[in-house]
Ligand code: B12
């Protein structure tokens with residue numbers, strides 16, 4: 001199977017929520033030693049966005065969203081260990097703690113970011129989704145982390161990001177520690 005064919009079939013499987021096929025193709029991609037970060041960029045990100053567009057158009061409903069999300073999870077569980085194996089440098093570039101904020105269960109984007117960070121030499125502590133703010137800050141402090149990464153997709157839960165920034169700005173200014181933040185959309 002050519003690379004183009006694998007990528008096209010992968011996207012189709014994901015949009016259609018065919019988990020078995022998606023996982024088999026992910027295995028094929030690793031077997032053929034495709035650039036897995038490129039596979040994520042070219043298939044998973046646009047694929048799930050396509051699913052989102054179908055949902056917005058009213059052509060897809062919650063069950064379709066869930067099966068496609070499950071597909072991404074299944075295939076990432078195949079790709080992630082392979083990506084980690086291919087890490088060039090053993091020396092960590094820094095430690096990142098990542099989570100999806102409380103009240104938000106969207107974790108596909110967060111998982112992709114966590115994978116990319118790990119694939120690029122960062123040590124990642126992934127706290128999962130729907131994590132309480134206090135718990136998150138406590139762990140980030142205990143882990144002595146360099147980066148704090150937050151994901152939120154709902155208008156309502158995005159406010160939690162603002163709150164974390166405010167708390168950290170106060171804490172770091174009191175401790176005389178350098179602090180900067182960025183927003184990615
Ligand atoms: C898949 C999906 C779901 C799945 C989530 C499965 C899962 N495990 O994640 C399910 C079906 C469960 C779901 C549920 C809901 N969803 Co939903 N969902 C989506 C959908 C279609 C795609 C999201 C996604 O995964 N995108 C693909 C990833 C790769 O993109 P991403 O998340 O944006 O991440 C990228 C960047 O943002 C960035 N990024 C993300 N996080 C981070 C973090 C850091 C540190 C950095 C640097 C970058 C970064 O990098 C990523 C890679 O490029 C979107 C629509 C859309 N078009 O986005 C709606 C959407 C987000 N959902 C929406 C809604 C309303 C809901 C529900 C409330 C529906 C309901 N009525 O129950 C529930 C929410 C439940 C909850 N409490 O969280 C709305 C939100 C509207 C709003 N303004 O608040 C959207 C926009 C759909 C819509 N237009 O109505 N959803």
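The values are calculated or read from the model by the stated rules, or taken from the named source; none is laboratory data. Keep in mind the model is a prediction, meaning the values are calculated, not measured. Here the Cβ is made from the backbone with ideal geometry for all residues, glycine too, and neighbour counts use every protein chain on show.
General remarks:
- Residue match in segment 54-67 (condition: within 21 Å of residue 116 (Cβ to Cβ), at pLDDT 90 or above and surrounded by 14 or more Cβ atoms within 10 Å (Cβ to Cβ)): no
- If you check 152, 114 for being closer than 30 Å to residue 6 by Cα, within 11 Å of the ligand (Cβ to nearest atom) and in contact with a strand residue (DSSP E or B) (Cβ under 6 Å, 6 or more places away or on another chain), only one passes: 114.
- Matching option when the condition is assigned to a helix (DSSP H, G or I), at pLDDT 90 or above and outside the structural domain of residue 137 (by TED's automatic domain parsing), among 38, 21: 21
- Restricted to segment 81-185, the set of helices (runs of 4 or more DSSP H) holding at least 1 residues that are over 23 Å from residue 71 (Cα atoms) comprises 133-142, 158-175.
- Here the condition is being crowded, with 19+ Cβ neighbours inside 10 Å and within 25 Å of residue 156 (Cβ to Cβ); of 110, 132, it holds for 110 alone.
- For segment 128-137, the condition holds for at least one residue, the condition being that it is more than 8 Å from the ligand (Cβ to nearest atom) and over 16 Å from residue 168 (Cβ atoms).
- Taken as a whole, segment 78-97 holds at least one residue that is out of contact with any strand residue (DSSP E or B) (no Cβ under 6 Å at 6 or more places or on another chain), at pLDDT 90 or above, more than 30 Å from residue 178 (Cβ to Cβ) and surrounded by 15 or more Cβ atoms within 10 Å (Cβ to Cβ).
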